[in-house]
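Working notes, beginning with the structure itself.
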Amino acid sequence: MTSTLSETETYSLLSLSLACFGVLFNTFWDGSGEPLIASIAFSSLAFAFCYALIRWLGNAFIRRGFKGKDLCKHKQTEIPETMGAICAMVYLFTLITFIPWPFYKDIVVATSGGGNRDVMKELEEVETGRFLHRFPHNKLASYLSALLSLQTVVLLGIGDDLFDIRWRHKVLIPAFAAIPMLIVYFVDFGVTQMVVPIPLRPYLGELFDLGWLYYVYMAMLSIFSSNSINILAGINGIEVAQSLVIAVLIVINDVLYLSPFTTYPHPATDSHLFSLYLLLPFIGVSLALLKHNWYPAKVFVGDTYCYFAGMVFAVDGILGHFSKTLILLLLPQGFNFVYSAPQLFHIVPCPRHRLPHFNARTGLLECSRVEFKRPLARPIAECLKLLHRLRMLDVETDAKGQVTSSSNLTLINLWLVWFGPMREDRLALGLLAFQTAIGFLGLLVRHRMALLIFTADNW
Ligand code: UD1
Ligand code: MG
């Protein structure tokens, strides 16, 4: 990869950045501090910075050993890995710099009363604490806890990319990273009840209190969402693009709660604005990464990106109070996780890499296989054969009916079993179309069908 930007790229990024600085300056100048506009400007800036930094730092990463071979190509050259670390850093710095904007109005109120910055004498009253109580410390705490949880998970990701931490060791770490935001959730929101669907109401009542189990559920969601993106991986662009699809779908869902789509002010407006402030910069840095990671990839994203992306969704869903909607958007990842479980838990052998097999003669990807050197236990073999009959797996048997090999248990390989060998980018596009369709269906179910089993849709 060339480590410099072309002339067109330089001028485009430069003019984009200048325009964004102009917009940011303006949000302060007209006294509104309009945070959503500022967030869009910040996200575009994050895109520009991330784009340039990936280009400039790629070779430095290779020199430090962050590199990997693209296994699905004729020429397996080494390209920079762990570029997700750059995304995550730019993202965290963006969120930190953005802090004054969403609190702009509150800061003004707290410092002079009624938004009049020229009334200086009231400053004394601020110092005696009379006006400070107006400042929404709970909102700031939410925001800071999100930052802390994300930072922790990025550390885990970089550690994993450095040392290849064992699966069974790293799987729990996102749960620890989730503690700051769970504490804030407890203090600030604390809702642990679930609305019970109408058919179950005679037994459970209208609301069912999960109590502390709700916190276990949220910690599990953090583990699931970060790990499930990492295992739906292995072909160019798929990690970033699936995250982008999910992020855009959440943004669409958030926008439904803002004017003009809903009567103002909606009680959930604030939490959906919060969600947007976290997601828009994420979309910015991810687009910059996708440009370099799409087929044929010039960089890899590393586990850092997968953990980071998953945690952005978990934090966003939990602190934005729409974790169940989030689960609907993560259904393909959920399927891949359940489908992979036999290999993840070593009921069936699991090779180091399960990405598709590159056929050098045709230039197409085929499903990769796992060979069973020792015969499988009877019940397991029968299960695999059953899956084969259901067209959910490709199994080979010998003359005696013993299972000798099967396709690896991932959604990516299953796609190849269903639709036959194809080029890497077509495979990625197919999977993305699937993710998008399921996501839209999920949102439709969430907002339309919800009325069939619940008495109200909170939109
Ligand atoms: C996870 C998957 C593994 C899959 C790997 C690919 C599980 C349990 N683990 O492991 O099966 O093979 O992701 O990311 O499901 N690579 C490519 N092309 C790509 C992306 C990655 O060839 O488009 C290769 C490169 O050699 C790269 C390596 O995969 O260096 C990165 O693998 P890594 O992310 O470390 O694997 P895991 O996350 O541990
Ligand atoms: Mg990985």
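The values are calculated or read from the model by the stated rules, or taken from the named source; none is laboratory data. Bear in mind the structure is a predicted one, so any value in this text is a computation, not a measurement. Methodologically, a virtual Cβ is constructed for each residue, glycine included, from the backbone with ideal geometry; neighbour enumeration extends over all protein chains shown. Surface areas here come from the heavy atoms of the whole protein model, side chains and all, with no ligands, DNA or RNA. Shrake-Rupley method; radii C 1.70, N 1.55, O 1.52, S 1.80 Å.
Here are a few things to note about the model shown:
- Here is the figure for region 365-386: residues that are within 34 Å of the chain's Cα centre (by Cα), crowded, with 19+ Cβ neighbours inside 10 Å and without any contact (Cβ under 8 Å) to a residue 40 or more places away in the chain total 1.
- Candidates are the residues of region 131-165 that are modelled with pLDDT of 85 or more and of a type in the set (D, E, K, R); the one that is surrounded by the fewest Cβ atoms within 10 Å (Cβ to Cβ) is D164.
- Scanning region 196-225 for residues that are open to solvent by 40 Å² or more (accessible area, probe 1.4 Å) and not in a loop (DSSP other than H, G, I, E, B) yields a total of 16.
- Region 397-421 - residue that is assigned to a strand (DSSP E or B) and open to solvent by 10 Å² or more (accessible area, probe 1.4 Å) and, of those, farthest from P296 (Cα to Cα): T397
- Candidate set: region 62-76, residues that are part of a loop (DSSP other than H, G, I, E, B) and among the hydrophobic types (A, V, I, L, M, F, W, C); chosen: the one farthest from ligand 1 (Cβ to nearest atom): F66
- Test: T304 is of a type outside the set (A, V, I, L, M) and more than 16 Å from ligand 1 (Cβ to nearest atom): no
- Of the numbered criteria (1) modelled with pLDDT of 95 or more; (2) away from ligand 1 (no atom under 16 Å from the Cβ), the one G84 fails is (2).
- Candidate set: region 1-34, residues that are under 23 Å from L273 (Cβ atoms) and among the β-branched types (V, I, T); chosen: the one surrounded by the most Cβ atoms within 10 Å (Cβ to Cβ): T27
- Qualifying residue in region 35-48 (condition: within 15 Å of H292 (Cα to Cα) and surrounded by 14 or more Cβ atoms within 10 Å (Cβ to Cβ)): yes
- From the options A297, A314, A288, residue that is open to solvent by less than 20 Å² (accessible area, probe 1.4 Å) and touching a strand residue (DSSP E or B) at 6+ places or on another chain (Cβ under 9 Å): A297
- Residue identified as in the same structural domain as S222 (by TED's automatic domain parsing), more than 16 Å from ligand 2 (Cβ to nearest atom) and either in contact (Cβ under 8 Å) with a residue 40 or more places away in the chain or not polar (S, T, N, Q) (or both) among T362, T325: T325
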